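The structure appears below as C-alpha cells.
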Amino acid sequence: MRSPSPFRDPSFSASAPHREARIDPKAALPSKPLFFTHPSIGDSSVPDYPYICVPFHDYKLLYRYKWKRAILDVGVEIFAKGAQEYPKWFFKRYPFVCQQLTEIFGSKLWCVIPDYPDDYVHNPIPHNVKRTLANIKRFHKIKGVNWIYPIQSDYLNMQSLHDSCHQVMKYEPERVAIGTVCKTGNVEYIVKCCKMVRQHFPDAWVHAFGPTLRALRKIWLLIDSFDSTAYSMCRKKEKNQNYYMCKTRHERYIWFKQYLAKLEEIRRAYKGQMRLTHI
C-alpha cells in the first residue's frame with residue numbers, strides 16, 4: 001500500500017469519544033468508489049474489512065483475512081527510503097507470486113504492475129515514466145494475472161501525465177491506477193489528474209493511490225476506487241500539535257471508524273448512491 005503523506009484534514013480528531021461499534025462486512029459494501037485499506041485495522045474481535053490493499057512483502061496476509069476484493073501493491077515505500085530500483089530478485093519473484101495468488105483467488109485479486117514514483121522529492125527517480133512504461137510493456141505479456149496498469153508522470157507535470165496516458169492506452173487496460181496523487185496535497189492538481197485519466201480511459205476501472213479527504217470531495221465521481229491508511233496518522237485540533245502515528249491496534253480501529261464517517265459525509269453529498277457503511 002502507498003503510504004500517504006500526513007493526514008491533512010484538521011477536522012479529523014483522535015480525541016473524539018469512543019463508541020463501541022463493529023464493522024458489518026455485509027453492510028460495508030459500498031457503491032463506487034470502493035475504499036481499500038490495509039487489513040490490520042483492529043484487534044481480533046473486529047470483523048474483517050472486505051476491501052484490502054497489501055504490499056508485496058505482506059502478501060501472506062491475503063490468507064489470514066476474509067475479504068471480497070484485494071489489491072496487491074508493489075511497495076514503492078522503498079523509494080521513500082532512498083532506493084533507486086527494486087531489488088534484483090524482485091522482477092522474477094513478483095510476477096511468479098502474482099500468478100500463483102491469482103490461481104488461488106481468481107478475479108478477486110488485482111496486482112499492480114511495478115512503477116516508479118516521482119513524488120518522493122527527497123529521492124527523485126531518474127526517467128521514472130520511461131521505466132514505468134518499460135515495466136508495463138514487460139508485464140503486459142505475463143498472462144494469468146489481473147494487472148492494474150499504473151499511470152506515472154514527472155512531478156506535478158500535467159503534460160507528462162498526458163503523454164503517459166497515451167502510451168498506456170495502446171495496451172487497452174481494464175484497470176489503471178493514478179500514481180501521481182499520493183504524496184501531494186494540491187487538490188487542484190489531483191482533480192486535474194483524475195479528470196485526465198478518466199478522459200483517456202472512460203471504460204477502464206480507475207484507482208487513485210492515497211488521495212486526501214479534501215481531494216476525495218472533488219474526485220468522488222471520477223474514480224472507481226482508492227486506497228488510504230491516512231487514519232493511522234492523525235493531528236488533534238489543538239494548535240501546534242504535531243502529526244503522530246497511532247500506537248495500538250485498538251486506537252487504529254477507532255481512527256479508522258472516524259475516517260469511515262468522513263467518507264460517509266462525502267458520499268451523502270452525492271444523491272442516488274447506496275449507503276457506504278453501516279456502523
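Before moving on, here are some points about what is shown:
- Surface/4 of the Cα convex hull for region 34-268, nm²: 13.2
- Order of ILE254, ILE178, ILE219 under a 10 Å beta carbon neighbour criterion, fewest first: ILE254, ILE219, ILE178
Read-outs throughout are calculated quantities, based only on the coordinates presented, and are distinct from any laboratory measurement. What you are looking at is a predicted structure, and each value in this text was computed from that prediction instead of being measured. Positions of Cβ are generated from backbone atoms using ideal geometry, with glycine treated the same way; all protein chains shown enter the neighbour counts.
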